[in-house]
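Everything below concerns the one structure shown next.
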Amino acid sequence: MISKYRKQFNSEFSQEKYQQLKDILKQKSGIEPTFRISESPLFLTKEFENKLIDATESIIDQIKALPPETLQKAVPENCNVPNDTQKPHFFTIDFGICKSENGEIEPQLIELQAFPSLYAFQKVFEDTFCEVYPFLTEIRNKMPHEEFKNYLKELILGNENPENVVLLEIYPEKQKTAIDFALTENLLGIKTVCLTKVKKQGKKLFYENDGKLVEIKRIYNRVIFDELDKIPDLKTEFDFREDIDVTWVTHPNWFFKISKFLLPMLKHQFVPKSYFLHEFPDSEKLENFVLKPLFSFAGSGVNLNPTKEITDAIKDKENYILQRKVTYEPIFEDINGEFSKAEIRLLYIWRENDERPILLENLGRMTKAAMVNVDFNKKDAIWIGSSNAFFGEE
């Protein structure tokens, strides 16, 4: 979208520099990235950035205006965790990069979550792009690394000693996001702990470090609670639904409260119309909509072409939404003159005493397939995978 930077990047690009990018990421984290790293950043205009912020600010206003009991309806009874908080610590929001009917490039809301994304990784990723391509420094995120680090430290550590704060995940070494866990450990000095290794004594939780039990006072939670049921023979000493002496960052209930559940309630020109499946009106045509389960992660269960047979067969229709289709516009030109589509996730934190969340970073995902998921791309495709957006003037 910004031809000046796109031309410069494409002229400077080489497979050697791409390998250098991945090698530096591995060197900084100690881990090989297990998801595909895109060769290219996204170049987007300040005008597009303003549209993103305008839509997000409106959505935040609408969420803040919702009564707590409306949000509480999103939490399944069997997933309700005690000691809820008034607001989430994290707020992430995904937009597809689309073209409007009058030909303008505009964002369209895809989904939103109160769940931490790759905060530590994306900052390092942005830094690394700038190391390999120094001209990017002039349009990089204005927030200095130290300020970014301090925000996350304050949010995740609070006033606790780092050894009493853990990043909690289930089988973390098997997760695609393991590189972010390693970079978070480096940034904050905390340990990543598997849920199966947590010990419980009364209302307190502990983990083992060098043969000693260390109390857990704050949990940077990366476990998707409703997915635990799908893990066979899972044995843990504590259940999320127990009343324990720990501060959740962020509280597990917010995973449900800020989710696809909200989409039918939100209104904005950059928010596609959505309906709960059981409320889908006869006046709309099914072929214009995408079917999404309310509580799924990483695009699982999404049906781009739902039929009446498929929707009629669904028993729990209140747990699905239909969202009007949007068309991602292929505008990111690669070195072969082919174009990728993309979506962008804005990564906010929401401190307990702040009225509004603070934007820290962004995450881009590029594709040449119908869905923004690398698995759907041809094996030899380029300009696909995880990316980072840089905003500048045309």
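Being buried (at least 19 other Cβ atoms within 10 Å of the Cβ), touching a residue at least 40 places away in the same chain (Cβ under 8 Å) and either touching a helix residue (DSSP H, G or I) at 6+ places or on another chain (Cβ under 8 Å) or of a type in the set (D, E, K, R) (or both) is a description that does not apply to TYR328. Considered as a group, the residues in the stretch 1-20 that are outside any helix (DSSP H, G or I) and surrounded by 13 or more Cβ atoms within 10 Å (Cβ to Cβ) include one that is farthest from the chain's Cα centre (by Cα), and that residue is PHE13. Within the stretch 151-162, the presence of at least one residue that is under 29 Å from ILE24 (Cβ atoms), at pLDDT 95 or above and basic (Lys, Arg) is confirmed.
For LYS123, the conditions (1) assigned to a helix (DSSP H, G or I); (2) touching a Ser or Thr at 6+ places or on another chain (Cβ under 8 Å); (3) among the basic types (Lys, Arg) are fulfilled apart from (2). So, of the residues in the stretch 81-111 that are among the charged types (D, E, K, R) and out of contact with any Lys or Arg (no Cβ under 7 Å at 6 or more places or on another chain), which turns out to be farthest from VAL271 (Cα to Cα)? Of everything passing the filter in the stretch 81-111, ASP84 is farthest from VAL271 (Cα to Cα).
Condition check for ASP23 on (1) closer than 17 Å to SER386 by Cα; (2) part of a helix (DSSP H, G or I); (3) of a type outside the set (A, V, I, L, M, F, W, C); (4) in contact with a helix residue (DSSP H, G or I) (Cβ under 9 Å, 6 or more places away or on another chain): one failure, at (4). Residues in the stretch 323-340 include at least one that is small (Gly, Ala, Ser) and part of a strand (DSSP E or B). The set of residues in the stretch 34-88 that are surrounded by 19 or more Cβ atoms within 10 Å (Cβ to Cβ) and in contact with a His (Cβ under 8 Å, 6 or more places away or on another chain) comprises ALA55, ILE59, VAL81, PRO88.
Here ILE349, ILE358 are screened, and the one residue that is closer than 30 Å to ASN78 by Cα and modelled with pLDDT of 95 or more is ILE349. I want to confirm something. Restricting to the stretch 78-110 and keeping residues that are acidic (Asp, Glu) and in a strand (DSSP E or B), which single residue is farthest from GLU329 (Cα to Cα)? Step by step, filter the stretch 78-110, then rank; the result is ASP94.
For the stretch 31-49, the tally of residues that are of a type in the set (A, V, I, L, M, F, W, C), within 16 Å of GLY385 (Cβ to Cβ) and out of contact with any helix residue (DSSP H, G or I) (no Cβ under 6 Å at 6 or more places or on another chain) stands at 2.
Here GLN86 meets each of (1) more than 25 Å from ASN303 (Cβ to Cβ); (2) at pLDDT below 95; (3) in contact with a Leu (Cβ under 8 Å, 6 or more places away or on another chain) with one exception, condition (3).
For residues that are out of contact with any Pro (no Cβ under 8 Å at 6 or more places or on another chain) and polar (S, T, N, Q), scanning just the stretch 301-353, find the one that is nearest to ASN102 (Cα to Cα). Among those residues, the one meeting the criterion is THR327.
When TYR275, TYR220 are screened for being part of a strand (DSSP E or B) and crowded, with 18+ Cβ neighbours inside 10 Å, only TYR220 passes.
If PHE129 satisfies every condition in (1) touching a Leu at 6+ places or on another chain (Cβ under 7 Å); (2) surrounded by fewer than 18 Cβ atoms within 10 Å (Cβ to Cβ) but one, which is the exception? For PHE129, the failing item is (2). Close Cβ contacts (under 8 Å, 6 or more residues apart or on different chains) running from residues in the stretch 185-198 that are at positive phi to residues that are assigned to a strand (DSSP E or B) and at pLDDT below 95 are absent. Screening the stretch 278-316 for residues that are touching a residue at least 60 places away in the same chain (Cβ under 8 Å) and exposed (fewer than 14 other Cβ atoms within 10 Å of the Cβ) and picking the one that is farthest from the chain's Cα centre (by Cα) gives LEU304.
If I filter the stretch 126-179 down to residues being assigned to a loop (DSSP other than H, G, I, E, B) and charged (D, E, K, R), which single residue comes out as farthest from ARG218 (Cα to Cα)?
ARG140
Scanning the stretch 223-261 for residues that are assigned to a helix (DSSP H, G or I) and closer than 17 Å to THR196 by Cα returns PHE225, ASP226, GLU227, LEU228, ASP229, LYS230.
The values are calculated or read from the model by the stated rules, or taken from the named source; none is laboratory data. What you see is a predicted model, and the numbers here were worked out from it, not measured in a lab. So basically every Cβ, Gly included, is an ideal-geometry build from the backbone, and we count neighbours across all protein chains shown.
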